[in-house]
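Q: Below you will find the structure I want to go over with you.
The values are calculated or read from the model by the stated rules, or taken from the named source; none is laboratory data. Not measured: the values here are computed from a predicted model. Here Cβ is always computed from backbone atoms with ideal geometry, including for glycine, and neighbour counts include all displayed protein chains.
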Amino acid sequence: MIQNIDTIDDVVTFIKQIAGEIKDFHPLEDFGRYIDPVTNRPRYSEDEATMRNELLNCCFDVCATEDADFFTFLLALFQETAAKTVVAIN
């Protein structure tokens, strides 16, 4: 997992990592609330959730500084990831 979010490239890296972890990711959801569908237990430990929440907040900050809309950016990256998954399956 990326440790710092300082640039738009870091935002991209973080989103791609989260897309690989959570299929139903929503940027306004606390990472501590995600449940593992197999175990029905929290997906992340308290420390893991806190770290991801902090990194997500940094994504918003970087996007604001770069005058980029995080939600549009996030949607485009998730669509790209989903399209690659569909191609790989076919």
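Q: Which count do you get for residues in segment 20-57 that are modelled with pLDDT of 95 or more, over 12 Å from the mean Cα position of the chain (by Cα) and acidic (Asp, Glu)?
A: Residues meeting the conditions: 3.
Q: Residue under question is Gln17, and the condition is that it be modelled with pLDDT under 95 and polar (S, T, N, Q); does it hold?
A: yes
Q: Restricting the search to segment 20-36, which residues are in contact with a helix residue (DSSP H, G or I) (Cβ under 7 Å, 6 or more places away or on another chain) and in a loop (DSSP other than H, G, I, E, B)? Quick ask: steps written out before the conclusion?
A: In the first step, residues of segment 20-36 are kept if they are in contact with a helix residue (DSSP H, G or I) (Cβ under 7 Å, 6 or more places away or on another chain); the result is 25, 27, 30-32.
Scanning segment 20-36 gives Phe25, Pro27, Asp30.
Q: Same structure again: For segment 58-68, which positions are more than 11 Å from the chain's Cα centre (by Cα) and closer than 22 Å to Gln3 by Cβ? Walk me through it before giving the result.
A: In the first step, residues of segment 58-68 are kept if they are more than 11 Å from the chain's Cα centre (by Cα); the result is 58, 60-68.
Within segment 58-68, Cys58, Phe60, Asp61, Val62, Cys63, Ala64, Thr65, Glu66, Ala68 qualify.
Q: Follow-up. Looking at segment 2-9, is at least one residue closer than 15 Å to Leu75 by Cα and touching a Leu at 6+ places or on another chain (Cβ under 9 Å)? Before you say what the answer is, go through the steps one by one.
A: Residues of segment 2-9 closer than 15 Å to Leu75 by Cα: 8.
From what's left, touching a Leu at 6+ places or on another chain (Cβ under 9 Å): none.
Looking for residues that are closer than 15 Å to Leu75 by Cα and touching a Leu at 6+ places or on another chain (Cβ under 9 Å), one finds none in segment 2-9, hence no.
Q: Give segment 1-53 a look and list any residue that's surrounded by 14 or more Cβ atoms within 10 Å (Cβ to Cβ) and free of Cβ contacts under 8 Å to residues at least 12 places away in the same chain, or say none.
A: Thr13, Pro42
Q: Name every residue in segment 37-58 that is in a helix (DSSP H, G or I) and hydroxyl-bearing (Ser, Thr, Tyr), in order of residue number.
A: Once the filter is applied, which keeps residues that are in a helix (DSSP H, G or I) and hydroxyl-bearing (Ser, Thr, Tyr), segment 37-58 yields only Thr50.
Q: Let me ask something additional. Out of everything in segment 54-81 that is of a type in the set (Val, Ile, Thr) and free of Cβ contacts under 8 Å to residues at least 24 places away in the same chain, what residue ends up being nearest to Gly20 (Cα to Cα)?
A: Thr72
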